[in-house]
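One structure is given here, and the rest of the page talks about it.
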Amino acid sequence: MSPSVPLQEMIRAIRSARTQCEERGVIQRECAAIRAQFRQADNGGRSHNLAKLLYVHMLGYPAHFGQMECVRMIASPRYSEKRVGYLGAMMLLDEKQDASLLITNSIKNDLSHSNQYVQSLALCTLACMGSAEMCRDLAPEIDRLLRASNSYIKKKAALCAVHIVRKVHDLGELFAPAARSLLAEKNHGVLHGAVVLITELCERSPETLERFRKTVPDLVQIMKGLVISGYSPEHDVAGISDPFLQVRILRLLRILGRNNEAASDAMNDLLAQVATNTDSTKTVGNAVLYETVLTVLDIKSESGLRVLAVNILGRFLLNNDRNIRYIAMTSLQRIVGTDHNAVQRHRGTIVDCLKDQDASVKRRALELSLALVSATNIRSMMKELLLFLSSCPLELRAQAASGIFNAAERYAPSQRWHIDTILHVLTTAGGDVRDETVPNLIQLITNTSELHCYTVHKLYRALLSDISQQSLVQVACWCIGEYGDLLLRGECQETEPVQVTEDDVLDALETVLQSHMSAPATRGFALTATMKLSTRITDNVDRIRSIVSIYGSCIDVELQQRAVEYNALFKKYDHMRAAVLERMPVIEKNSPGHTNGESTREAVKEVQPAKVKQAETLLPQQPTSQVCDLLDLLGGSEEPLQPNPAVGSTVPVLPISTSSTAGGDLLDLLGGLEPTPLTSAPTVTVYEKGGVTLTLSSEKQSDSGLTVTLTACNSTDSDISSFTLQAAVPKSVQLHMKAPSGDSLPARGAAKVTQMVALSNPNKVNLKMRIRISYTSQGSAFQDTVQVDSFPEH
Amino acid sequence: MIRFLLLFSRQGKLRLQKWFTPLTDREKKKVIRDMTMLVLPRPPRSSNFVQWRDLKIVYKRYASLYFCAGLEQHDNELLALEVLHRYVELLDKYFGNVCELDIIFNFEKAYFILDEFLMGGEILETSKLAVGATMEEADTLQETMEEYMSKPAY
C-alpha cells in the first residue's frame, strides 16, 4: 500500500507540536493551504488534501469548508478520489446538511457502476448517512441489487435495505420478498444480512412477522448446520462456527417464537441442543449461550427448557469472569417477576455479588437483591443490604437506601425492627436518603405509640454521637421535642435505662442549633423542639427562654421568625403556650398524599408533619394576626386534625402539666379571622361552690354571633375528674359547644378546664344560658346547675 | 444495532469515530467526552459493560487504545466484545502487528477496513478472510489508478 506522504508529513508536524497553541498554529496553516488547493483546478493531490482535512476534523477542528470538495470528489471518475470523497461524506456530511442532497445523484450513478467496489462505496455511504428522501429515491435500486448475482453486493445491499427501513418504515413491504429468497444463500455474509433485514422487518410490522413465521424451519435448519457441522476455518471462532450468525438467528427465532406456540415448539429441540452442546469456556461460547437463554425465556418454551435456561444463568453467576456474572444478573432481573422461585434459588450467589469489587456488578446485584426480598427472607436479606449500604459506592447509596426503605415498608416483621432499620439507614447513609424519608419516619414513629420511649432514647443516643446526618438529626430533634418527657423519665422497657437530665437534652439541642454542619431546616427542627420542651420540662424553662430570645436576632430569616414567634408565646401568649405545644396527634397512614417511600415530589409537601411545619412557617410577623394562623396550626383546613381542645382528649398522653391556662383568650385563638386587639376579655364568675369556680367571658363576633368561654378551676385539695358542662339557651338562639380542653381539674388550681361555646342570636332576644356542671370528686358524683342572665361584652 | 464506535488513547485523544446514527457535532462531542470520562477512570479488572443513558456501553482496552461501542438494549454485549476483538484482528492482519501509530498515520485505511466489517451498525461480513481479500483488491484498484495517473503521458 502506498502511504499518503503529504498526509503523513502533516500528521507528524501536528504531533510534534509541543503545546496546544503550537498545534493550533500548524493546523491553521495547513487548513489555509488545503483551502487554497481546493480552489484550484483538478490536481493529482486532491485525495491527499481531503484526507488531511479529515484528520484535522478528527482532532476536533472545524472542517465544513471541505463539504463541497467531498461532493466533487465523489463525482470524480478515479477510484482513489471516490474512496476518500465518500469517506469525507460519511464524516462531514449528515442528513441535516444541505450538501448531502447533492451527492444523491452521484450515489445513484455509482450504484449501477460496473466496478463492484464503486458500488460498495455508494451502498456504504447510503447506509451511513442516507436521509429519508435519499432512501425513498434509491430504494428500488437497492431492491434490484438485492437480487443481483454478486454476493458481495447482495450482502451490502441487505444492510443498506435495513437502514432504509429504519428511516422510512413503509418501504419494508418492498424488501420483504427479496429478503425471503436470500435465506437460501450459502454465503454467510449474505445470510447474516438477510437475517438482520428480516429481523428489522418483523420488528416493525406484525403482518410481516406473521408471514415470516413460515421461515422458522429454514432458520432451524441453518442453525443446526452451524452447530453440528465440522470445523470451518473461514468462520470458526474458538471452536464455534460463525457465532455472529448464530446469535442473529437466535434473536430472529426469539421474535418469531414470541407468543406463538407452534413456532416455539418448532425451535424447542434446536434450543435444547444449542444450550447443551455449546462450549462455554470462552466468551464467544457464552455469547451464544446467553442469546439462547434469552430466547428460551422469551418464547413459549416448555418448562424443562426453561429450567435449563435458568440453570445456565445460575452457572454464569458462579463464573469467574465478571462480564458473565454481570449479564447473568441482567437476565435474571428480567425474569425475576415471572420465574421468581427459580431466581430465588440463586439468592445466595446474588447476595455474594454485592461484595464484588466491580461497580457495574454491584449495581446489578443490588437491583436483583431488592427484587428478591420477600416476607420469608426479609431479616437475612436486610442484614446483607445494610452491610452493603455501609460500604457501597456513592452513586448507589440513594438507590440502596430507598430500596431498603421500600422493602422494610412492605415486609417489616415488627414495628421495632422497622424503626431500627430506618434508624440504621439514617446513621449510615443519612445524607443520601430522599426528602420524604423524614416525614415518613415521623409518621411511622407517631403510629407506634408503645415504642415512643424506646425510639426517643435511641435517637437521643444517635444524636449524641453524630450530628452530621441531617435526616437523622431532624427526626431526632422532632422526637426529643415531642417525647422529651419520656426521655427525661429515664426508664424504658426496651433499652437500658440511662439518666438524662434536662440540661443534657438542652445541650444536645443547642449543639445542633449552633453547629455549622446543620442545615437551616435542621436548625428549625431543633429550635421548635427546644420550644416544645418548655412544656415538658419543669426546671429549665428560663434556659429555653434565653435560647429562644437569642435566636430572635439570628441572621437566618426563617429561624429569626420562629424565635420571635416563640418569644411572643413566652411573653404575651404564655397562657396559650401549653395548648399550642401539646402532643401532636397521630398522623394517619391514609392522609392525602401519603407516600410509601415512593417518590413523587409533589406528595412530599402534603405529608402531615411537613404541612404542619409549613403551617408553622406561615405564622406572619405581626403578633396580631398570629392568632389567625395558629388556627392553621391546630385546625388546618383540609386535614382530619380536630381543633385543639378535642385533640387533648383523644390522644392518650400526659395531661397538660404546666401552670398557665389558656384562659379566656382561647376565644381569640379559635375565633374569628379578623385581627382582634388582644386585651383580655372581662370575665365574670358565674358559679362558685364546693371549691369549683366557673368563670365566663364573652366576645362579640358579629352582629348576632357571640363566643362564650367558660373556665373552670378547682381550689379543693383533691382532684376532680369527669368534669363536664352542659348548656341550654332560649329557643331562637343557636348554640354550639366546642369540645372542652379536658375533663379533669387537678387540686389547688394547678390547671383549668376551658370550654368554648358559640352562640348565634339572629333574633336578638335577651340572651340567657343555663349551665349544668357535673363532676366526680373523691369517688362521689356531683351535679349542679347555674343560670346566667347577662353576658359581659366589650 | 451499534450506535457508535470510538477509539481513543489513554490520554483521551480520539483516534477513530464512527457514528451510525445522525447526531449534531455538538452531540458527538458530548458523547465523546462522556465516553472518555466513563471508561478511562475504570480500574483494570472491572467488567467491560457500563450502563449509560439508555445505551449499553461495551469497551475493551488493547495496548494503549480503548475500543468503545454503544449498543441498544436488545443487543448482546458478549457478542459486542467479540465484534471489537474481530476488528482488532482485522487491523492486525492488515497492518501486521498493528499499534496505535499505524492507526494514527493511516486512519483512512482503518475506516476502510471498518466499512468492510460493519455497516449501518450491524455486522456486514463474518469471515476474516473475506474482509482481508476485499481490502487487498480495493487497494490494488486504488494503486493501479494512482500509478496510471502518475505515469507521465508520453
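Just so you know, all these numbers are worked out from the coordinates, no wet-lab data involved. Given the structure is predicted, the values throughout are model-derived calculations rather than measurements. Using ideal geometry, Cβ is built from the backbone for each residue, glycine included, and neighbour counts are taken over all protein chains shown.
Averaging sequence separations of C-alpha pairs under 8 Å and six or more residues apart, then dividing by the length of the stretch A:684-788, give the relative contact order as a whole percent.
Numbers: 255 pairs, mean separation 29.2, N = 105.
With pairs under 8 Å counted, the relative contact order is 28 percent.
Go ahead and run the numbers for FRET between A:Ser229 and A:Ser414, Cβ-Cβ distance against an R0 of 60 Å, rounding to 0.05.
Details: r = 62 Å, r/R0 = 1.04.
Efficiency for this residue pair is about 0.45.
Would you mind checking the pairs A:Lys362/B:Lys56; B:Lys29/B:Lys128; B:Lys28/B:Lys109; A:Lys532/A:Lys752 and listing those with alpha carbons more than 25 angstrom apart?
Values: A:Lys362/B:Lys56 16 Å; B:Lys29/B:Lys128 32 Å; B:Lys28/B:Lys109 22 Å; A:Lys532/A:Lys752 20 Å.
Violating the 25 Å limit, Cα to Cα: B:Lys29/B:Lys128.
Taking the beta-carbon count within 10 Å as an exposure proxy, list A:Arg204, A:Arg254, A:Arg347, A:Arg379 from fewest neighbours to most.
A:Arg379, A:Arg204, A:Arg347, A:Arg254
Give the peptides A:723-732, A:708-717, A:243-252 in descending order of average Cβ contacts within 10 Å, highest first.
On the way: A:723-732: 14.6, A:708-717: 20.7, A:243-252: 24.7.
Averaged packing, sorted descending, gives the order A:243-252, A:708-717, A:723-732.
For peptide B:106-118, what's the mean number of Cβ atoms from other chains within 10 Å of each residue's Cβ?
Mean partner shielding for this stretch: 5.
Specify whether the C-alpha gyration tensor of the stretch A:449-581 places it in the rounded, prolate or oblate class, a ≥ b ≥ c being the square roots of the eigenvalues: rounded for a/c under 1.5, otherwise prolate if a/b is larger than b/c and oblate if not.
On the way: a/c = 2.06, a/b = 1.32, b/c = 1.57.
Oblate is the answer for the stretch A:449-581, as a/c is 1.5 or above yet b/c matches or exceeds a/b.
Taking the Cα centre of the stretch B:2-150 as origin, sum charge times position over the Cβ atoms of Lys and Arg (+1) and Asp and Glu (-1), and report the length of that vector in debye to the nearest 20.
Details: 20 positive and 23 negative charges, 251 e Å.
Value, rounded to 20: 1200 debye.
For B:Asn106, list long-range residues whose amide hydrogen, built 1.01 Å from N in the peptide plane, is under 5 Å from its own amide hydrogen.
Sorted by chain and number, the residues that satisfy this come to none at all.
Under 17 Å between alpha carbons, and skipping anything fewer than 8 positions from A:Lys689 in its own chain: which aspartates and glutamates qualify?
A:Asp717, A:Asp719, A:Asp784
So if we plug the beta-carbon distance of A:Ala398 and A:Thr349 into 1/(1 + (r/R0)^6) with R0 = 22 Å, what FRET efficiency do we get, rounded to 0.05? Could the numbers behind the result be given before it?
Values: r = 25 Å, r/R0 = 1.16.
Efficiency computed from Cβ-Cβ geometry: 0.30.
Amide H of B:Arg15: which non-local residues (sequence gap of 5 or more, or other chain) have their own amide H closer than 5 Å, using H built in the peptide plane?
When sequence neighbours closer than 5 places are left aside, the close amide H contacts are B:Leu7, B:Phe8, B:Ser9.
Please label the shape of the stretch A:268-349 as rounded, prolate or oblate, based on the square roots a ≥ b ≥ c of the eigenvalues of the alpha-carbon gyration tensor (a/c under 1.5 means rounded; beyond that, a/b larger than b/c means prolate, else oblate).
On the way: a/c = 1.81, a/b = 1.01, b/c = 1.79.
Since a/c reaches 1.5 but b/c is at least a/b, the shape of the stretch A:268-349 is classed as oblate.
Once you average over the residues of B:38-44, how many Cβ atoms of partner chains fall within 10 Å of each Cβ?
That works out to 1 on average.
Over every pair of different alpha-carbon atoms in the protein assembly as shown, take the mean of 1/r and invert it; report that Kirkwood radius in Å. Working shown, then result.
On the way: mean 1/r = 0.0289 Å⁻¹.
This gives a value of 34.6 Å.
Could you give me the ³J(HN,Hα) list for the stretch A:450-467, computed from phi with Karplus coefficients 6.51, -1.76, 1.60 and θ = phi - 60°, whole Hz, x at Gly and Pro?
For the stretch A:450-467, the Karplus-derived couplings read 6, 9, 4, 4, 4, 5, 5, 5, 4, 5, 4, 5, 5, 5, 5, 7, 7, 10 Hz, x marking Gly and Pro.
Go through B:32-43, A:736-747 and give me the packing order, highest mean Cβ count within 10 Å leading.
Values: B:32-43: 15.2, A:736-747: 18.5.
So the order, starting with the most tightly packed, is A:736-747, B:32-43.
Sort A:Lys224, A:Lys156 so the one with the fewest other Cβ atoms within 10 Å of its own Cβ comes first.
Details: A:Lys224 14, A:Lys156 32.
Lowest count first: A:Lys224, A:Lys156.
Output wanted: per-residue J couplings in Hz (rounded whole) for the stretch A:742-755, from phi through Karplus 6.51 cos²θ - 1.76 cosθ + 1.60, θ = phi - 60°, x for Gly and Pro.
x, 10, 10, 10, x, 5, 6, x, 5, 8, 10, 10, 10, 9
With each label point set 7 Å from Cα along the Cα-Cβ vector, what nm distance links A:Thr376 and A:Arg545?
Each label point is offset 7 Å from its Cα along the Cβ direction, giving 6.4 nm.
At what distance in nm do the modelled label points of A:Leu101 and A:Arg24 sit from each other, each positioned 7 Å from its Cα along Cα→Cβ?
3.6 nm
So how far, in whole Å, is the C-alpha centre of the stretch A:157-232 from the one of the stretch A:510-572?
The stretch A:157-232 and the stretch A:510-572 have Cα centres separated by 74 Å.
Can you put A:Ser369, A:Ser721 in order of Cβ neighbours within 10 angstrom, beginning with the fewest?
Values: A:Ser369 22, A:Ser721 14.
In order of increasing Cβ crowding within 10 Å: A:Ser721, A:Ser369.
Quick check for you: which residues of the stretch A:316-354 have the amide N under 13 Å from the point 7 Å beyond the Cα of B:Asp92 toward its beta carbon?
none
Helix A:378-391 versus the longest principal axis of chain A: what is the Cα-based angle in degrees, 0 to 90, to the nearest 10?
On a 0 to 90 degree scale, this one is about 80.
Starting at the first residue of the stretch B:77-94, write each ³J(HN,Hα) from the Karplus equation 6.51 cos²θ - 1.76 cosθ + 1.60 with θ = phi - 60°, in whole Hz, x for Gly and Pro.
Listing the rounded values in order: 5, 5, 5, 4, 4, 5, 4, 4, 5, 4, 4, 4, 4, 5, 4, 5, 5, 6 Hz.
Work out the FRET efficiency for A:Asn319 and A:Ile555 from their Cβ-Cβ distance, taking R0 = 60 Å, and round it to the nearest 0.05.
Details: r = 60 Å, r/R0 = 0.99.
Efficiency for this residue pair is about 0.50.
Shielding of A:316-325 by partners, i.e. mean partner chain Cβ atoms within 10 Å per residue?
Working: counts 0, 0, 0, 0, 0, 3, 5, 8, 2, 1.
Shielding by partners across A:316-325 averages 2.
Please list, in chain and number order, the residues 5+ apart from A:Val684 or on another chain whose amide H is under 5 Å from its amide H, with Hs placed from the backbone.
Counting only residues 5 or more places away or on other chains, the set is A:Leu696, A:Ser697.
To test your reading of the geometry: what angle, between 0 and 90 degrees and rounded to tens, separates the Cα axis of helix A:437-447 from the longest principal axis of chain A?
Helix A:437-447 and the main axis of chain A meet at about 40 degrees.
So how far apart, in nm, are the two label points at B:Gln51 and A:Asp279 if each is 7 Å from Cα heading toward Cβ?
3.4 nm
Report, to the nearest 10°, how far helix A:243-257 tilts away from the longest principal axis of the Cα atoms in chain A, using its own Cα long axis and a range of 0 to 90°.
60 degrees
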